[in-house]
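Report on the structure given below.
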Amino acid sequence: MRALAPYLQALPLALVFATFFLVPVSLVVVVSFFDYQTYQVLIPDFVFFNYVDVFTSNVTYRTYLNTLKFCLLTWAITLILGFTIAYFLAFEIRSVPLQIFCFLLCTIPFWTSNVIRMIAWIPFLGRNGLVNETLLAWGVIDAPIDWLLYSDFTVVLGYVHLYTLFMIVPIFNSMLRIDPALLEAARDQGASAFQVLTNVVIPLAKPGIAIGSIFVVAIVMGDFVTVNVLGGGQIASVGKTIATELSYLQFPPAAANAVVLLGVTILMILALIRIVDIRKEL
């Protein structure tokens, strides 16, 4: 019985994992092999042309590359911002109450809906928005800048606005575990600020960086609302493609795209896990 104790303890979590992840994913995989007719019921079958369309369509390749571009740009920007903010909170602010206060300030945007935060950029960046009107009034530009809204720039900006906190929290948590004495010892040995950062802080904060990266990568790869709202319907992404197929009741191709997207995302996450051992953080 004692040998079964660890398995019994893990059983509730395993059941939750199976119920809310394995079963739904299995159903999506099954549907991805079905046949279908537009606006009609599914046709149970075992066909591969849904996946053939995914892997042979030039449009699909461009859509996946566009999604990867958004993912990598958002990851890089949120990593720089998240690491900088977390470093400031962890090492530059000595007072714990002030640390908590500043950290809570970072969470304020999450008190409102994601959609509201995205829509708020439209009057700010539009042709007649605050940015263009200000630049025109100052004489910096002669005509409104069109690419500020409904462009790749706006989509990445929205992602950074929405998901930087997902990078700040785990990195900040990792940095709080770093003994300040290690930093002092490195400085006493003559290490410069850059050497302390690269040889002490970054290696010890790697688990937090990996966890934050997993959060950002997983969310951005599957997002379609941000692309739809801030892209103005002109920007393509895999998540938006899946949402469009579902709106036309094309469930098998949507399921095939979802399976491929899930596979790509899992591969990216596995690559991060192999580089960094996040078990230290968990």
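Since every read-out is calculated from the coordinates, none of them should be taken as a lab result. Since this is a predicted model, take the numbers as computed values, not measurements. Reconstructed Cβ throughout: ideal geometry from the backbone, glycine too, with neighbour counts over all protein chains shown.
Just one of Gly212, Gly263, Gly208, Gly222 is in contact with an Asp or Glu (Cβ under 7 Å, 6 or more places away or on another chain) and within 25 Å of Ala76 (Cβ to Cβ); which is it?
On the way: Gly212 fails: in contact with an Asp or Glu (Cβ under 7 Å, 6 or more places away or on another chain); Gly263 fails: in contact with an Asp or Glu (Cβ under 7 Å, 6 or more places away or on another chain); Gly222 fails: in contact with an Asp or Glu (Cβ under 7 Å, 6 or more places away or on another chain).
Matching residue, one of Gly212, Gly263, Gly208, Gly222: Gly208.
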(message) Checking Thr112 against (1) closer than 30 Å to Ile235 by Cα; (2) over 17 Å from the mean Cα position of the chain (by Cα); (3) surrounded by 15 or more Cβ atoms within 10 Å (Cβ to Cβ): exactly one of these is not met. Which one?
(response) (3)
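Are there any helices (runs of 4 or more DSSP H) wholly within the range 165-224 with 2 or more residues that are in contact with a Ser or Thr (Cβ under 7 Å, 6 or more places away or on another chain), and if so which? First the steps, then the outcome.
On the way: elements: 180-188, 193-196, 202-222.
Result: 202-222.
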(message) Where the second residue is outside any helix (DSSP H, G or I) and the first is under 22 Å from Leu162 (Cα atoms) and lies in the range 91-117, which pairs have Cβ atoms under 8 Å and are six or more apart or on separate chains?
(response) Gln99/Ile93; Cys102/Ile93
(request) For the range 122-169, name all the residues that are in contact with a helix residue (DSSP H, G or I) (Cβ under 8 Å, 6 or more places away or on another chain), surrounded by 15 or more Cβ atoms within 10 Å (Cβ to Cβ) and either among the acidic types (Asp, Glu) or over 25 Å from Ile77 (Cα atoms) (or both). (result) Pro144, Asp152
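Among the residues of the range 34-52, are any part of a helix (DSSP H, G or I), under 21 Å from the mean Cα position of the chain (by Cα) and surrounded by 10 or more Cβ atoms within 10 Å (Cβ to Cβ)?
Taking the range 34-52 and keeping what is part of a helix (DSSP H, G or I), we get 49-52.
Restricting the remaining residues to those that are under 21 Å from the mean Cα position of the chain (by Cα) gives none.
No, because not a single residue in the range 34-52 is part of a helix (DSSP H, G or I), under 21 Å from the mean Cα position of the chain (by Cα) and surrounded by 10 or more Cβ atoms within 10 Å (Cβ to Cβ).
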(request) Working carefully through the options Val220, Val196, find the one that is within 13 Å of the chain's Cα centre (by Cα) and surrounded by 18 or more Cβ atoms within 10 Å (Cβ to Cβ). (result) Val220
(message) So, Phe17, is that one free of Cβ contacts under 8 Å to residues at least 24 places away in the same chain, assigned to a helix (DSSP H, G or I) and among the aromatic types (Phe, Trp, Tyr) or not?
(response) yes
(message) So, Asp179, is that one more than 22 Å from Cys106 (Cα to Cα) and exposed (fewer than 15 other Cβ atoms within 10 Å of the Cβ) or not?
(response) yes
